[in-house]
Amino acid sequence: MSAPIQLQPGETFILNVGPQHPATHGVLRVKMEMDGEYIVKAETVLGYVHRMHEKMGENRTYAQYLPNLSRLDYLGALGYTHGHVLLIERAAGIEVPERAEYIRAITVELNRLASHLFWFGCYVMDLGGFSPLMYALEDREYILDMLEAVTGARLTYCYYRFGGLYNDVDDDFIEAANRFIPRMRKSLKKYAALVTGNIIFQKRLEGIGHISAEMCRKYGATGAVARGSGIDFDVRKNEPYSVYPEFDFDIPVYHECDSMARFKVRMDEMEQSLRIIEQGLAKLPGGPIMAEKKPKNIKLPVGDFYQAVETARGSFGIRIVSDGDKNAYRLKLRSPTYSNMHLFDEACEGMMIMDALAFMGSLDLVIPEIDR
Amino acid sequence: MIQETTREALQSLFAESAPAVEVEAGAPRGNGVITRDYNAHGYHLDAQVAADQLVAAVEIIDQAGFFIESITGVDWIKENQLEVIYDFSRYDFDTCRVVIRTRVPRDQPIVPTITTIYAGANWHERETHDFFGIKFAGHPHLIPLLLPEDADFHPLLKDFKA
């Protein structure tokens, strides 16, 4: 038996969190220099699930690339495919029927809800409360069933097409969605009483993981991370796309800059998504779901095109540099969690390790989306 | 509003003779600021600068309160050049997206770092170095980010053979 290691006062040691660690929800590694329980310095190490989606974008036609987009963020995949089809439609000048855009908005919001529910359950589980995950997954199951019926997939959707949709929604979907909304509202009240109002939960999050608005700007943080730091920014409002201007909804903003603020933003966002779905179902126009005039093989004009959308995690951007061919000359994916995660290294300095993990969860990370 | 003031500030980097009109698609363009049609392209201002003007251009953007979206590269192998593209956007409702680009020769791809202005440029520059081999002079930690730690290849170069 070797003698126990004795650290001198002020001497630090290196702790590897991950790449296989349940709190990182994926293969993410953070190399932490520790002084006892306090983090002196942290360095995030990425690339464990890097698949080079950008190179695949150069090798495939625009339509062949569609399934790739839903493999970035497997929890909120529809938002990413939405960005891609919007960009192609913008660059190629394809008009999308109104009904298709409404269905896109409804399904994207359902997907956002599913993503937030999963995050909510996992986050509370990270903090030691197991039961809320079970409730959250039950609610999420209703959404996945609805989406599966129309899109044919439960997670990795390939539902949107350039100019419209692959499949129209039927009466069953509309009825199920209308039944789901009051159910979900009841659940949100339950979550507020069970989790948000819990004093132990509050004590673990309040004042932990401070991110200033200026830090958000320097790192390009978006989504709930920016909105929890008092920044009123949501691509759906700031740079409206699709049919979002038709809906009446609010952007929840909290000014505390801590993990609790980010938690509350996402909890409030679920109610706003329900409002959008409710209005979308009420207003859903008839008509075709696919554009009539649409080239069979899509070629984009020569140029450089960009499209941003608000996904469950923040502002997702996609850029295509086209040389006029049927596939992209260069395709760049700007993923929101990449920027949100980047500020972790700086923000967690001086934090205790268990606070840092509570802080990491509040960033809502999906690692395949960072690594692409 | 901000679009006009930013355009004028960026324009001051160039001599008066610099072209401020949209050139024909696909034709090589000189350095200068172009106002793009947002509906067609998805951004408002498109500025091409020389590599040594880059830091000055990004400082203008920083002082105007923009946040950094991303940094990426494009390999223009026919022109024997590498392009670095910087995207900036705003948090407020005065929507304005700015693209700043610079071109460097393929055999000497060196661009100054902007990590001193935007801390968030760190990973973006490392990623661009991974994929294109573009060196960011002054970067504090230019090691592979997404590729393996011993990677000596740059997969997004057009002459890359797997």
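What to note about this one:
- Residue A:11 meets all of the listed conditions (1) assigned to a strand (DSSP E or B); (2) surrounded by fewer than 17 Cβ atoms within 10 Å (Cβ to Cβ) but one, namely (1).
- All positions within region A:223-253 that are within 10 Å of another protein chain (Cβ to nearest Cβ), assigned to a helix (DSSP H, G or I) and touching a residue at least 40 places away in the same chain (Cβ under 8 Å): A:226, A:235
- Strands (runs of 3 or more DSSP E) wholly inside region B:83-162 that include at least 2 residues being away from chain A (no Cβ under 11 Å) and buried (at least 20 other Cβ atoms within 10 Å of the Cβ): B:98-105
- Of everything in region B:40-59 that is in contact with a helix residue (DSSP H, G or I) (Cβ under 9 Å, 6 or more places away or on another chain) and either surrounded by fewer than 19 Cβ atoms within 10 Å (Cβ to Cβ) or closer than 18 Å to residue A:91 by Cβ (or both), the residue that is farthest from the other protein chains (Cβ to nearest Cβ) is B:44.
Let's see how each residue does on (1) surrounded by 15 or more Cβ atoms within 10 Å (Cβ to Cβ); (2) touching a strand residue (DSSP E or B) at 6+ places or on another chain (Cβ under 9 Å):
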residue	(1), (2)
A:223	yes, yes
A:235	yes, yes
A:243	yes, no
A:246	yes, no
A:258	yes, no
A:276	yes, no
A:285	no, no
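- One residue stands out in region A:199-221 among those that are on the phi > 0 side of the Ramachandran plot and more than 14 Å from every other protein chain (Cβ to nearest Cβ): the one that is surrounded by the fewest Cβ atoms within 10 Å (Cβ to Cβ), namely A:207.
- Each residue in region A:317-326 was checked for being surrounded by fewer than 21 Cβ atoms within 10 Å (Cβ to Cβ) and in contact (Cβ under 8 Å) with a residue 24 or more places away in the chain, and 3 pass.
- Candidates B:88, B:132, B:93, filtered to the one that is under 28 Å from residue B:5 (Cα atoms) and at pLDDT 90 or above: B:88
- Output for region A:66-81, where each listed residue is closer than 21 Å to residue A:242 by Cα and either in a helix (DSSP H, G or I) or free of Cβ contacts under 8 Å to residues at least 24 places away in the same chain (or both): A:66, A:67, A:69, A:77, A:78, A:79, A:80, A:81
- Filtering A:140, A:183 for residues that are assigned to a helix (DSSP H, G or I), surrounded by fewer than 15 Cβ atoms within 10 Å (Cβ to Cβ) and not aliphatic (A, V, I, L, M) leaves a single hit, A:183.
- Number of positions in region A:26-57 that are of a type in the set (A, V, I, L, M), within 20 Å of the chain's Cα centre (by Cα), surrounded by fewer than 21 Cβ atoms within 10 Å (Cβ to Cβ) and within 19 Å of residue A:363 (Cβ to Cβ): 2
- Among the conditions (1) in contact with a Lys or Arg (Cβ under 9 Å, 6 or more places away or on another chain); (2) farther than 15 Å from residue A:370 by Cβ; (3) in contact (Cβ under 8 Å) with a residue 40 or more places away in the chain, residue A:14 misses just one, which is (3).
- Close contacts from region A:329-358, counting a first residue that is within 12 Å of chain B (Cβ to nearest Cβ) and a second that is polar (S, T, N, Q) and assigned to a loop (DSSP other than H, G, I, E, B), with Cβ to Cβ under 6 Å and a gap of 6+ residues or different chains, come to A:336/A:222.
- Some residue of region A:189-205 being in contact with a strand residue (DSSP E or B) (Cβ under 9 Å, 6 or more places away or on another chain), among the aromatic types (Phe, Trp, Tyr) and in contact (Cβ under 8 Å) with a residue 24 or more places away in the chain: no
- Matching entry among A:294, A:326, A:299 (being at pLDDT below 90, of a type outside the set (Val, Ile, Thr) and out of contact with any Gly (no Cβ under 8 Å at 6 or more places or on another chain)): A:326
- Of the criteria (1) modelled with pLDDT of 80 or more; (2) surrounded by 14 or more Cβ atoms within 10 Å (Cβ to Cβ), which one residue B:37 fails: (2)
- With a requirement of 3 or more residues that are under 19 Å from the mean Cα position of the chain (by Cα), the helices (runs of 4 or more DSSP H) lying completely within region A:288-372 that satisfy it span A:336-342, A:353-362, A:367-371.
- Contacts under 8 angstrom Cβ, first residue in region B:56-67 being of a type in the set (D, E, K, R), partner crowded, with 19+ Cβ neighbours inside 10 Å, 6 or more apart: B:62/B:118
- Within region A:33-63, tally of residues that are away from every other protein chain (no Cβ under 11 Å) and assigned to a strand (DSSP E or B): 9
- Region A:206-222, residues that are assigned to a helix (DSSP H, G or I) and of a type in the set (Gly, Ala, Ser): A:213
- Between A:272, A:279, the distinction of being more than 14 Å from chain B (Cβ to nearest Cβ), over 23 Å from residue A:118 (Cα atoms) and either in contact (Cβ under 8 Å) with a residue 12 or more places away in the chain or touching a Pro at 6+ places or on another chain (Cβ under 6 Å) (or both) belongs to A:279 only.
The values are calculated or read from the model by the stated rules, or taken from the named source; none is laboratory data. As the structure is a computational prediction, the values presented were derived from the model and not from experiment. Backbone-built Cβ (ideal geometry, glycine too); neighbour counts: all protein chains shown.
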